[in-house]
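Below is one structure; the comments refer to it alone.
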Amino acid sequence: MAPTIARVQRPTPAETPPVEVVYLFSRECPSHEEGRELIDAASRASGVPVAVQPVEVTTDAQAQELRFAGSPTYLVDGDDLAAPDPLVPHRMDVCRAYELPDGRIGPLPALTQLATALSEANARRSPTQEVET
């Protein structure tokens with residue numbers, strides 16, 4: 001009987017580059033420092049290495065250019081962690097609200113939400129190998 005070939009995901013740190021996270025924030029919102037620390041905690045929780053680019057939004061023009069939906073905003077490999085309503089104003093002094101898994105609203109996403117986004121982004125970029133089984 002001929003061997004079966006299966007596709008198996010086997011990423012290694014050398015093969016998989018870190019997930020890129022653009023961290024958009026405004027110092028006008030009090031959760032920006034804790035929000036930055038949350039990225040590192042989510043990286044540890046998910047086991048996914050990250051490359052973080054912090055971007056402080058300081059003007060309304062910059063907020064409009066970046067489509068900044070409030071502080072903090074997490075762009076994981078270019079995708080907003082929680083796609084905002086298109087009617088959200090793009091202003092530098094807007095604080096963001098996240099819906100948490102239990103239905104409450106908070107100033108930051110839950111650790112599990114960010115860790116899941118990192119894991120999903122990592123899975124999309126991991127190489128697939130063919131292995132005989």
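Selection within the range 1-33: residues that are among the acidic types (Asp, Glu) and either assigned to a strand (DSSP E or B) or within 23 Å of Asp77 (Cβ to Cβ) (or both). The member of this set that is modelled with the lowest pLDDT is Glu15.
For the range 34-68, how many residues meet the condition of being in contact with a Leu (Cβ under 6 Å, 6 or more places away or on another chain) and either β-branched (Val, Ile, Thr) or at positive phi (or both)? Result for the range 34-68: 3.
When the criteria are applied in full, Glu37 meets the requirement of being loosely packed, with under 13 Cβ neighbours inside 10 Å and either at pLDDT 95 or above or outside any helix (DSSP H, G or I) (or both).
The values are calculated or read from the model by the stated rules, or taken from the named source; none is laboratory data. Model, not experiment: these values are computed from the prediction. Don't worry about glycine lacking a Cβ; one is built from the backbone with ideal geometry, like all the others, and counts go over all protein chains shown.
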